[in-house]
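Trainee: Just dropping this structure here.
Where a number appears in this text, it was derived from the coordinates with a stated rule and is not lab data. The shown structure was predicted, so the numbers you read here are calculated from the model rather than taken from an experiment. Counting neighbours? That spans all protein chains shown, and the Cβs are built from the backbone with ideal geometry, glycine included.
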Amino acid sequence: MSVYVLHFDPPFAHARHYIGFTPDPTVARRVSEHMTCGPRGNPLVKAAIGAGCAVTLAHAFEGEVYGRDFERNLKARRTTRAWCACCGVGAKPVPSPSSISARFRAAKAY
Ligand SMILES: [Zn+2]
């Protein structure tokens, strides 16, 4: 399982990042689907690329501990800009699975 963060430069409308999940052991195949704007690419990422945004893989969280719960937790935090490698803010450490709240660990059945 893997979770990844795509960084948009410049931001696309309201979006500066896209956080995604793949059951694959690495993010390579899934990120490639986004970057090539194929039929399985996310519409937001396609639109950002279409609008001329540079889309960069900012973080790849690869391993069995990085599941849907980790993805949902990252999205809910809304703090990506504070730890994204591309944003360069560095205000917060990159989240780890051990920092996921119990609320998200319990919500696996999606
Ligand atoms: Zn960023």
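Trainee: Under a GNM of the chain (C-alpha, springs under 10 Å), which listed residue has the highest mean-square fluctuation: Val65, Val89, Val45?
Mentor: Comparing Val65, Val89, Val45 in the GNM, the peak value goes to Val89.
Trainee: Over the chain, with a Gaussian network built from C-alpha contacts below 10 Å, which listed residue (His14, His34, His59) shows the highest mean-square fluctuation?
Mentor: His14
Trainee: Which value in nm describes the separation of the simple spin-label points at Val65 and Cys87, placed 7 Å from the Cα toward the beta carbon?
Mentor: For the pair Val65/Cys87, the computed spacing is 2.3 nm.
Trainee: Using the alpha-carbon atoms, what tilt in degrees (0 to 90, nearest 10) does helix 68-77 show relative to the longest principal axis of the chain?
Mentor: Rounded to the nearest ten degrees, it is 70.
Trainee: Could you give the size of the charge dipole of the chain about its Cα centre, using +1 on the Cβ of each K and R and -1 on the Cβ of each D and E, expressed in debye and rounded to the nearest 20?
Mentor: Working: 15 positive and 7 negative charges, 86 e Å.
Computed charge dipole of the chain: roughly 420 debye.
Trainee: For the pair Thr79/Ser32, report the inter-label distance in nm, with labels modelled 7 Å from Cα in the Cβ direction.
Mentor: 3.4 nm
Trainee: Here is a further query. Diagonalise the Cα gyration tensor of segment 1-76 and give the resulting equivalent ellipsoid semi-axes, square root of 5 times each eigenvalue, largest first, whole Å.
Mentor: 21, 14, 9
Trainee: A follow-up question, please. Can you tell me the mean projection area, over all orientations, of the convex hull of segment 61-100's alpha carbons? Units nm², please. Let's see the in-between values first.
Mentor: Numbers: hull surface 11.2 nm².
Quarter of the Cα hull surface area: 2.8 nm².
Trainee: With the crude spin-label approximation of a point 7 Å out along Cα→Cβ, what separation in nm comes out for Ser101 versus Arg40?
Mentor: Between Ser101 and Arg40, the simple spin-label model gives 3.3 nm.
Trainee: Given a 10 angstrom Cα cut-off, can you work out which residue in Ala54, Ala13, Ala91 is the most mobile in a GNM of the chain?
Mentor: Residue with maximal mean-square fluctuation among Ala54, Ala13, Ala91: Ala13.
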